[in-house]
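Novice: So that we are looking at the same thing, I have put the structure below in structure tokens.
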Amino acid sequence: MNKEGYTAENDMPYEKFLRLGSSALTEAELLAIIIRTGTKDLKPVEIGHKILSLPSVKSYGLSGLYHVTLKELMGIKGIGQVKAVKLKCLAELSMRMAMAAAKKELRFLNPASVANYYMEKLRHEKKERVMLLLLDNKEQLLGEELLSIGTVSLSLLSPREVFVTALKKEAVHIMLLHNHPSGDPVPSSEDIRVTEEIKEIGGMMDIPLIDHIIIGDNKYMSFREAGLL
């Protein structure tokens, strides 16, 4: 396909895609195709490099784009509201695609598969999110509830709220899931205490807690695997 004298560097990203395919493009070039247009002073690829220089993206790679704000994106010359929204939608689609792929392997008695499924959704969150997973008698998901956002620890989590929600949804088993914004999934003393309390109440109510999984940065901790349940 190459003509004499052709080098990939001579191509604009769109033309390079048509010649060589998407895998041949750099991250900045892929972003340039999404952005489409530049400014008088900046080419789309140069704007792409500026996106890659944002703190969240530098720290976490392209997945960090999911947590970049519209304001941060619009602070880059050449990116207005429309382009910023497109980029955020791209990040959301990428996250959903990752979750869809992981869902095929999702087994709630397999902590690794649960952690893998929720990893991209939770690992870059800057605030702690506590989720309750509600399961039927075959350990299939009935639904999930976000119990809290932003508390420093699980100490403010209400066991009453957990089991009122479980009863409303007619759950047979429950699972707790939360992230540690620090990236370290090692449980705190409060994590352990609250887990034990919910385990005990669940035993009395015949709605057992089958696991509590803490999501870190590309790693997880399962109370079940650790022998703490």
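Novice: With the convex hull built on the Cα atoms of the chain, state its orientation-averaged projected area in nm².
Specialist: In nm², the orientation-averaged hull projection of the chain is 15.4.
Novice: Arrange Phe17, Phe223 by Cβ neighbour counts within 10 Å, fewest through most, would you?
Specialist: Phe17, Phe223
Novice: If the reach is capped at under 17 angstrom between alpha carbons, list the lysines near Lys103, excluding any in the same chain fewer than eight residues apart.
Specialist: Within reach: Lys121, Lys138.
Novice: So, one more: If you take the C-alpha gyration tensor of the stretch 110-151, multiply each eigenvalue by 5 and take the square root, what semi-axes do you get, largest first, in whole Å?
Specialist: For the stretch 110-151, the semi-axes come out at 21, 14, 6 Å.
Novice: In what sequence do Ser158, Ser222, Ser23 fall when counting other Cβ within 10 Å, fewest first?
Specialist: Ser23, Ser158, Ser222
Novice: Here's something else I'd like to know. Label the stretch 105-222 by shape, choosing from rounded, prolate and oblate, from the square roots a ≥ b ≥ c of the eigenvalues of the Cα gyration tensor; if a/c is under 1.5 it is rounded, and otherwise prolate applies when a/b is larger than b/c, oblate when it is not.
Specialist: Cα axes put the stretch 105-222 in the oblate bin.
Novice: Pairs Lys88/Lys169; Lys77/Lys126; Lys58/Lys86; Lys71/Lys169; Lys40/Lys127: which are spaced more than 29 Å apart, C-alpha to C-alpha?
Specialist: Lys88/Lys169; Lys71/Lys169; Lys40/Lys127
Novice: Given the convex hull of the Cα atoms of the stretch 10-100, what is a quarter of its surface area in nm²?
Specialist: For the stretch 10-100, averaging the hull's shadow over all directions gives 6.1 nm².
Novice: Still on this structure: Ranking Leu167, Leu122 by Cβ neighbours within 10 Å, fewest first, what do you get?
Specialist: Going from least to most buried by this count: Leu167, Leu122.
Novice: Quick check on the chain: helices-only [θ] at 222 nm, where DSSP H runs of length 4 and up contribute -39,500 (n - 2.57) each and the sum goes over total residues. Nearest 500, please.
Specialist: Estimated from H runs of four or more residues: -13000 deg cm²/dmol.
Rule-based calculations on the coordinates, nothing more; no lab input. This structure is a prediction, so every number in the text was calculated from the model and none was measured. Positions of Cβ are generated from backbone atoms using ideal geometry, with glycine treated the same way; all protein chains shown enter the neighbour counts.
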